[in-house]
Amino acid sequence: MLDYKYLVSIAIILLSTKIFGGLTEKIKLPQVVGALIAGVVIGPAVFGIVQDTAFLDEVAELGVIILMFMAGLDTDLNQLKKKGVSYLVIAIFGVVIPLVGGFLSYFWYFNINPGDSQSVLKAIFIGVILTATSVSITVEALRELGHLTGKVGNAILGAAIVDDVIGIIILTVITSFRDSSISISIVLIKIVLYFVIMLVFGLIITAGARMLDLKTDRRQITVYVFALVLIVAYISEKYVGIADITGAYLIGMIFSKFSIRNEIVKKMNVLSYLFFSPIFFASVGLKTKLDSFSTSMIVFSVIILLVAIFTKIIGAGIGAKLCKYSLKDSLNIGIGMVSRGEVALIVAQKGHKLGFIDNNMFSPIVLMVVITTILTPILLKISMPKTKEDKDVSLKPMTIE
């Protein structure tokens with residue numbers, strides 16, 4: 001018999017994210033911070049009113065897909081073409097330094113024997129988790145602050161796409177030591193073919209989008225486009241091994257150049273802030289559990305949190321500075337890459353299944369993910385002043401109202 005408890009859970013999430021979002025807005029913080037805190041408060045970490053379930057995880061995944069699709073629609077393709085090399089450099093530094101930092105932290109704190117190959121692999125995997133960058137919450141914060149379409153917002157989004165690909169390659173290399181059935185060369189070929197196919201696909205869609213621009217009745221266009229987003233996201237994750245949000249973001253980029261974009265944005269905004277976005281933001285908080293922490297794990301949690309924050313800021317910041325961004329913009333780009341979000345959780349879960357992440361290590365990682373995810377929009381709010389809202393309703397930031 002169908003259990004209808006999920007209806008109450010959704011209602012609690014929607015109400016709590018609205019209440020906490022309003023409170024954080026009053027103290028001049030992005031509403032997404034309130035939504036994340038709401039998830040922690042109503043989840044197992046505090047009151048335990050709502051439990052993380054497979055259903056909520058699936059709805060949250062739809063939420064992040066929609067967010068990244070919207071981010072793709074807001075991407076300045078001309079800026080991306082001009083700054084492609086810069087984004088690659090930022091991503092490389094934003095991956096390598098956290099990887100080394102995470103590895104050394106685990107290696108030093110637990111006094112790993114260099115001859116113990118399995119323990120060394122576990123240390124490397126901690127570094128792999130720290131390489132992840134989840135920009136979905138950064139996207140929402142930047143939209144709310146009015147900086148998503150600026151050079152800093154474009155740099156964060158562009159570098160995050162490259163970061164995702166580099167992270168997949170590193171993850172594949174590490175897991176190949178555990179699973180002999182994984183072929184590194186085949187995965188690399190898949191990734192190259194994926195982006196080539198997406199380029200060709202984009203050219204085909206471009207021709208079709210020009211025809212759609214001429215249509216006077218556009219009410220059903222959003223349905224067709226969103227269905228396409230979900231199909232591409234599925235294929236990306238299932239058959240290529242690239243995150244579904246990357247596929248969603250790329251489709252958004254393809255449609256960003258056409259006038260139908262405004263129609264799509266209006267409809268997707270309603271769908272996002274009414275239902276999917278609040279559940280996604282709250283779901284991150286729901287994953288926090290504090291009952292498995294020992295004193296040793298608390299100390300390591302603090303260490304790994306500090307390493308996670310500073311290695312991303314320093315790594316991505318150095319990459320940006322080398323690409324001739326100003327010191328302030330470099331700092332903001334580094335801050336925007338701090339959030340680990342669902343990407344790090346996915347990597348950690350895969351590592352847990354493969355034996356790279358022990359049970360007692362999972363809670364510190366989740367705590368690091370939650371805090372970096374909450375901290376990123378707060379730091380962006382401090383470092384980047386809010387700009388005037390765009391008068392065009394189609395470009396209004398997605399809020400949890």
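The values are calculated or read from the model by the stated rules, or taken from the named source; none is laboratory data. Computed from a predicted structure; not experimentally measured. Cβ sites come from the backbone with ideal geometry, for glycine too, and all protein chains shown count toward neighbours. Ligands, DNA and RNA are stripped out before the accessible areas are found, and what is left, the full protein with its side chains, is counted by its heavy atoms. Shrake-Rupley method; radii C 1.70, N 1.55, O 1.52, S 1.80 Å.
Brief remarks on what is shown
- Protection proxy ranking of 308-319, 223-234, 195-206, by the mean of other Cβ atoms within 10 Å over each peptide's residues and highest first, is 308-319, 223-234, 195-206.
- For the Cα trace of the stretch 19-131, dividing Rg by the Kirkwood Rh returns an Rg/Rh value of 1.10.
- Heavy atoms of the protein chains alone define the surface here; on that basis the stretch 1-132 has 47 Å² accessible area per residue at 1.4 Å probe size.
- Relative contact order for the stretch 290-388: 36 percent, from Cα pairs under 8 Å spaced at least 6 residues apart, divided by residue count.
- Using a cutoff of 8 angstrom between alpha carbon atoms and counting only pairs six or more residues apart, the relative contact order for the chain works out to 31 percent.
- Whole-Hz Karplus values for the stretch 271-276 come out as 4, 6, 6, 6, 9, 6 Hz, taken residue by residue from phi with 6.51 cos²θ - 1.76 cosθ + 1.60 and θ = phi - 60°; glycine and proline positions read x.
- Counting only heavy atoms of the protein chains and using a 1.4 Å probe, ARG340 has close to 0 Å² of accessible surface.
- Contact order relative to length of the stretch 1-135, as percent, for alpha carbon pairs under 8 angstrom and 6 or more apart: 14
- Only lysines eight or more places from LYS151 in sequence, or on another chain, were considered; those with a Cα closer than 19 Å are LYS81, LYS82, LYS83, LYS257, LYS312, LYS321, LYS324, LYS328, LYS381, LYS386, LYS388, LYS396.
- Here is how the number arises for the chain: DSSP H runs of 4 or more residues each give -39500 (n - 2.57), the sum is divided by the residue count, and the result at 222 nm is -24500 deg cm²/dmol.
- Taking the accessible area of the stretch 20-139, probe 1.4 Å, and keeping the other protein chains in place, the carbon and sulfur fraction comes to 65%.
- Those lysines that a straight Cα-Cα span of less than 22 Å connects to LYS353, excepting residues fewer than 8 apart in one chain: LYS122, LYS238, LYS287, LYS289
- A 1.4 Å probe run over the protein chains yields, for the stretch 289-377, 40 Å² of accessible area per residue, whole-number rounding.
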